[in-house]
1. Which entries in the list 17/178; 23/172; 32/86; 23/86; 12/181; 31/89 go over 32 Å, if you measure between the two C-alpha atoms of each?
2. Out of region 142-178, which trypsin sites (Lys or Arg not before Pro) are coil in DSSP terms and have no more than 16 other C-beta atoms within 10 Å?
3. List the aspartates and glutamates whose Cα sits under 13 Å from the Cα of residue 46, skipping any in the same chain fewer than 8 residues away.
4. Which value, in debye to the nearest 20, gives the size of the charge dipole of region 98-194 about its Cα centre, when Lys and Arg are +1 and Asp and Glu are -1 at the Cβ?
5. Which sequence of 95, 7 reflects their accessible areas, 1.4 Å probe, from the largest down?
6. Considering all alpha-carbon pairs of region 112-194, what whole percent are spaced by more than 18 angstrom?
7. Taking only protein heavy atoms and a 1.4 Å probe, what accessible area per residue, in Å², does region 105-194 have with all protein chains in place?
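The values are calculated or read from the model by the stated rules, or taken from the named source; none is laboratory data. Model, not experiment: these values are computed from the prediction. Neighbour counts run over all protein chains shown; Cβ positions are idealised from the backbone, glycine included. For the accessible areas, the whole protein counts, side chains as well, though only heavy atoms, and no ligand, DNA or RNA atoms are used. Shrake-Rupley method; radii C 1.70, N 1.55, O 1.52, S 1.80 Å.
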Amino acid sequence: MLKSEFHLSKIKEYEEKVKGLEKRVAQGEKKKALLKITKNSLEREKALYNYCLEEESEGKVTEVNKKENEKKSNTTVRKNNNKNTKYTKKEVLQHLTNNEEMYYTNKLNATYYVSREGKQISFGEECGRRTNDHRTIFSCFDDIEYNDFNTLMKSTGLLMCIPETDDCWCLKGQRLSKEQKNFIESYGLNLIRE
């Protein structure tokens, strides 16, 4: 499958999610933050789609890596059915460093997550914009179902960063570390709890 085809399928998926979330928000459900994040993901997929089309038109035909596709599918089986598993700080960092794309950054625009120690975690950026989706992190934790952000946040204590909208996201009741609070304050970001 060509990368442009892959991104086109993701665009369609996000468009459906946006429609559904817009209906739920219109009916009064508190899903505005999730809608905002999903719209950002849709825009990122559109940009990646256009980039891939451009490369393909120049003869740089690129296909999606089969393993990458499998990781991104929603069929990942949870190996540990205990959704209350909490990782220690050390375990979180060990899991993150197993991903070849992960690195620490000091650039807000490249930040995807902030660890409890205040380390800014990135999975790639190009020209000052992030190049991957927040879901890239699920390849680091094979015992957390793909797209299960609630379990991810509960288990790891990570803070999600959405610099495009000057927001950070965490679960209601999630205790942020002093370092994570300092990160939010130092950049003047809004904290969304959902």
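1. Numbers: 17/178 34 Å; 23/172 23 Å; 32/86 28 Å; 23/86 34 Å; 12/181 36 Å; 31/89 29 Å.
Violating the 32 Å limit, Cα to Cα: 17/178; 23/86; 12/181.
2. Filter output for region 142-178: 172, 175.
3. By straight Cα distance, residue 46 reaches 5, 13, 15, 54, 133.
4. Numbers: 12 positive and 16 negative charges, 98 e Å.
Charge dipole of region 98-194: 460 debye, to the nearest 20.
5. On the way: 95 45, 7 20 Å².
Order by accessible area, largest first: 95, 7.
6. In whole percent, the share of Cα-Cα pairs in region 112-194 beyond 18 Å is 40.
7. On the way: 3770 Å² over 90 residues.
Using a 1.4 Å probe on heavy atoms only, each residue of region 105-194 averages 42 Å².
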